[in-house]
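Structure below; questions to follow.
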Amino acid sequence: MNEIVAEAHPIQLVIMAALKAELPLEWLKSRGIACYTVKGLRSGALASHPWGQPGGGAVCVVTGVGKEAALLAAETVVDLIGPKYVLNIGGAAARPGGLEIGCWAMPASIHSSMGGVARLDRRLPVPLPSGFEFFFVDRLFSLEKSYDPSCGLDADLFDMEAYWLASIFQEWGIWFSVLKMVTDYGGREANEGFRSRLPMLRSGVKSLLGCLAGPEGLDFSVVIPVHNRPHRVRKAAESVMRQEMTPLEVVVVDDGSDPPIQIDRDGVVLVRSNRNQGVSWARNAGVQRTRGRWIAFLDSDDVWLPEKMALQARYLSLYPFYQVVQSEEIWYRHGRRVNPCRHHMKHEGWIWEASLERCMISPSSVLIRRELLERAGGFDQRLPACEDYDLWLRISRHHPVGLDKRPGIVKYGGHQDQLSRRYPAMDRFRLFSLCKALASEEEPEFKERLKKAALEKLEILFAGAVKRDNHGVADLLRMLAREVENEILEEPPEWLLNESLFRR
């Protein structure tokens, strides 16, 4: 394999199935998704892989049936591809009286007949299509021979490869998830039942992987919120109009500027508010005036490089399973170019845990599918700042984030009217978002991480309140810490948004 080309255009997603018959091969080929056998990979098939072509960032690999075949397939994928995500799909047996034939299920753990256990984080690297339903189940057993209901094993699903795949990928830190369709109930009629349901299985795979068709004719709209930055916002809007890819529209939302913003430019729609309602309101109002299936944001003090949108479109053609992608940035502070601190370095993939500490996505760099933004509820208009932290925390909980590592934006910092300079105790806004997430979280492992992050923010804010002799806030924070620790928080405390409390 050409290592230089592979580094420039790595395969990020591998979809693995035991048999070719489980995959809609022609349908996948029509979308640029190559399908390989393990033998083909080991014989050098990647030498002719369509690097850089639409769909080339995802492949299917046929593992073969059973423990030895699965182990060899996993080792081959690690050695030759090294993807970020692996999704194991295909048919599985269910115990009689359990899940119905045709149901799709995602297990929380995979067990082997030899006593091994692999636990799974139940998130998928591909967006679920509308109407696609599946069940969360507790256990899948991977057996070394076909499932026999008389074996007495207590599990929801049975297959012959998932555990062995997980044992390799989890050792190498590669994201591994499993989604199976029930094709039979094992026993003597298992093979006949499996074969008869292959058309149903392939149809389900088509639906599940429909995202791999890519963003057809990437139409996008741009929203630029502004308050009292007339010269900067004109420069920002001009940088959008100079893009190699033309947007459907550019919506500039004047959030109560005094005097009102004036922009006389074809292709720019100006939306006005007669009072300052905040950046969250401005972005949401702008989105409501757009038509694009994809939405990009730009802050009024930043500018895009001319190729920003074209590069993101190419990225999405390679990796169409992402619903949100951001670009790298060039930073200027007080007129001088600076390198971002290590903790501000951008991440790719499942960034939720990193996002607990600080905002990991810059609004000016992001391109997001409208459907996902609307499903997430947009920006929380209660938040006067850290509204981006709040939104990306909600989105990254369930969706991986793509990163085009080529710069697409120039960010200018250090000026006096930045939001980060306007409000005291900024961590209270992040704490509000953490409390909001904690109140609605159902999965124990995610709840524990949220609790830990919230308690750390509480400790910082408590120390600040004590230092300023603000005993009223200190008492409120102490009470909130008890609610967080004991998991009795039902909604985020609105007093965290009361600026007068924190200015004492």
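The values are calculated or read from the model by the stated rules, or taken from the named source; none is laboratory data. Values in this document were obtained by computation on a predicted structure and should not be read as measured data. Reconstructed Cβ throughout: ideal geometry from the backbone, glycine too, with neighbour counts over all protein chains shown. Side chains included, ligands, DNA and RNA excluded: accessible areas come from the protein's heavy atoms. Shrake-Rupley method; radii C 1.70, N 1.55, O 1.52, S 1.80 Å.
So, of the residues in the stretch 410-445 that are at pLDDT below 90 and touching a strand residue (DSSP E or B) at 6+ places or on another chain (Cβ under 6 Å), which turns out to be most open to solvent (accessible area, probe 1.4 Å)?
The qualifying residue most open to solvent (accessible area, probe 1.4 Å) is Tyr412.
Report the residue count in the stretch 368-398 for those that are in a helix (DSSP H, G or I) and closer than 21 Å to Gln312 by Cβ. First the steps, then the outcome.
Here is the first cut: in the stretch 368-398, the ones in a helix (DSSP H, G or I) are 370-376, 387-396.
Restricting the remaining residues to those that are closer than 21 Å to Gln312 by Cβ gives 370-376, 388, 391-392, 395-396.
Of the residues in the stretch 368-398, 12 are in a helix (DSSP H, G or I) and closer than 21 Å to Gln312 by Cβ.
A further question follows. Output the helices (runs of 4 or more DSSP H) that fall wholly within the stretch 145-225 and possess 1 or more residues being surrounded by fewer than 18 Cβ atoms within 10 Å (Cβ to Cβ) and modelled with pLDDT of 95 or more, or say none. Let's see the steps before the verdict.
Working: elements: 162-169, 190-196, 198-208.
By residue number, 190-196, 198-208.
Same structure, new question: Identify the residue in the stretch 314-353 that is at pLDDT 95 or above and of a type in the set (Gly, Ala, Ser) and, among all such residues, is nearest to Gly413 (Cα to Cα).
Looking at residues that are at pLDDT 95 or above and of a type in the set (Gly, Ala, Ser), I get Ser327.
Also: Let me spell it out: the conditions are (1) crowded, with 16+ Cβ neighbours inside 10 Å; (2) at pLDDT below 95; (3) closer than 19 Å to Leu201 by Cα, and His9 meets all of them except one. Which number is the exception?
Every listed condition holds for His9 apart from (3).
For the stretch 293-314, give me the residue count where each residue is among the polar types (S, T, N, Q) and more than 12 Å from Leu218 (Cβ to Cβ).
Filtering the stretch 293-314 down to residues among the polar types (S, T, N, Q) leaves 300, 312.
Those left that are additionally more than 12 Å from Leu218 (Cβ to Cβ): 300.
Result for the stretch 293-314: 1.
Continuing with the same structure: Where in the stretch 241-356 are there helices (runs of 4 or more DSSP H), lying wholly inside it, with at least 3 residues that are touching a residue at least 40 places away in the same chain (Cβ under 8 Å) and closer than 30 Å to Gly173 by Cβ?
Numbers: elements: 279-288, 308-318, 352-355.
By residue number, 308-318, 352-355.
Separate question: Mind checking which residues of the stretch 166-222 are touching a Lys or Arg at 6+ places or on another chain (Cβ under 6 Å) and among the β-branched types (Val, Ile, Thr)?
Answer for the stretch 166-222, where residues must be touching a Lys or Arg at 6+ places or on another chain (Cβ under 6 Å) and among the β-branched types (Val, Ile, Thr): just Thr183.
Name the pairs whose Cβ atoms lie under 6 Å apart, with the first residue in the stretch 195-214 and on the phi > 0 side of the Ramachandran plot, the second at pLDDT below 95, and 6 or more positions between them or separate chains?
So the pair list comes out as Gly214/Pro54; Gly214/Ser317; Gly214/Pro320.
Now for a different question. Consider Phe321 against the criteria (1) touching a Leu at 6+ places or on another chain (Cβ under 8 Å); (2) open to solvent by 10 Å² or more (accessible area, probe 1.4 Å); (3) of a type outside the set (Lys, Arg): it satisfies all of them except one. Which criterion is unmet?
Evaluating Phe321 over (1) touching a Leu at 6+ places or on another chain (Cβ under 8 Å); (2) open to solvent by 10 Å² or more (accessible area, probe 1.4 Å); (3) of a type outside the set (Lys, Arg) leaves (2) as the failure.
List, please: which pairs have Cβ atoms under 8 Å, are six or more places apart or on different chains, and start with a residue in the stretch 78-106 that is closer than 13 Å to Leu140 by Cα and end with one that is part of a strand (DSSP E or B) and open to solvent by 30 Å² or more (accessible area, probe 1.4 Å)?
Close Cβ pairs satisfying both conditions: Leu99/Phe135; Trp104/Phe135; Ala105/Phe135; Ala105/Phe136; Met106/Phe135; Met106/Phe136.
Moving on to the next point. Residues of the stretch 382-410 being β-branched (Val, Ile, Thr) and more than 21 Å from Trp352 (Cβ to Cβ), which ones?
Ile409, Val410
While we're here: Among the residues of the stretch 118-144 satisfying the criterion of being open to solvent by 80 Å² or more (accessible area, probe 1.4 Å) and out of contact with any Leu (no Cβ under 8 Å at 6 or more places or on another chain), which is farthest from Val324 (Cα to Cα)? Working first, answer last.
Here is the first cut: in the stretch 118-144, the residues open to solvent by 80 Å² or more (accessible area, probe 1.4 Å) are 119, 130, 133, 135-136, 138, 144.
With out of contact with any Leu (no Cβ under 8 Å at 6 or more places or on another chain) added as a condition, the list becomes 119, 130, 133, 136, 138, 144.
Numbers: Arg119: 27, Ser130: 17, Glu133: 22, Phe136: 25, Asp138: 30, Glu144: 40 Å.
So, considering only residues that are open to solvent by 80 Å² or more (accessible area, probe 1.4 Å) and out of contact with any Leu (no Cβ under 8 Å at 6 or more places or on another chain), the one farthest from Val324 (Cα to Cα) is Glu144.
To continue, here is another question. Hey, can you tell me all the residues within the stretch 247-278 that are within 27 Å of the chain's Cα centre (by Cα) and either loosely packed, with under 12 Cβ neighbours inside 10 Å or farther than 26 Å from Ala313 by Cβ (or both)?
Gly278
Give just the number: which of (1) free of Cβ contacts under 8 Å to residues at least 12 places away in the same chain; (2) at positive phi does Ala425 not satisfy?
All conditions are met except number (1).
Further question on the same structure: Restricting the stretch 481-504 to residues that are more than 14 Å from Phe429 (Cα to Cα) and in contact with a Leu (Cβ under 9 Å, 6 or more places away or on another chain), which is surrounded by the most Cβ atoms within 10 Å (Cβ to Cβ)?
Residue satisfying both the conditions and the ranking: Val484.
Now for a separate question. Does any residue in the stretch 17-39 that is at positive phi come within less than 6 Å, Cβ to Cβ, of a residue that is among the polar types (S, T, N, Q) and modelled with pLDDT under 95 six or more places away or on a different chain, and which pairs are these?
Gly32/Gln53
Those residues that are under 15 Å from Tyr163 (Cα atoms) and part of a helix (DSSP H, G or I), I need them from the stretch 66-91; list them, please. Step through it out loud before you land on a result.
Pass one, the stretch 66-91, residues under 15 Å from Tyr163 (Cα atoms): 66-75, 86-91.
Of everything in the stretch 66-91, those that are under 15 Å from Tyr163 (Cα atoms) and part of a helix (DSSP H, G or I) turn out to be Lys67, Glu68, Ala69, Ala70, Leu71, Leu72, Ala73, Ala74, Glu75.
Here's something else I'd like to know. Among the helices (runs of 4 or more DSSP H) contained in the stretch 423-504, which hold 2 or more residues that are within 22 Å of Trp352 (Cβ to Cβ), touching a Pro at 6+ places or on another chain (Cβ under 9 Å) and of a type in the set (A, V, I, L, M, F, W, C)? Give the steps one after another, and end with the answer.
Numbers: elements: 427-440, 444-467, 471-485, 499-502.
Output list reads 427-440.
Only one of (1) within 23 Å of Ser362 (Cβ to Cβ); (2) modelled with pLDDT of 95 or more; (3) more than 28 Å from the chain's Cα centre (by Cα) fails for Leu477. Which number is that?
In the conditions (1) within 23 Å of Ser362 (Cβ to Cβ); (2) modelled with pLDDT of 95 or more; (3) more than 28 Å from the chain's Cα centre (by Cα), Leu477 misses (1) alone.
For the stretch 92-108, enumerate the residues that are surrounded by 18 or more Cβ atoms within 10 Å (Cβ to Cβ) and either of a type in the set (S, T, N, Q) or in a strand (DSSP E or B) (or both).
If the condition is that a residue be surrounded by 18 or more Cβ atoms within 10 Å (Cβ to Cβ) and either of a type in the set (S, T, N, Q) or in a strand (DSSP E or B) (or both), then Ala92, Ala93, Ala94, Trp104, Ala105, Met106, Pro107 are the ones that fit.
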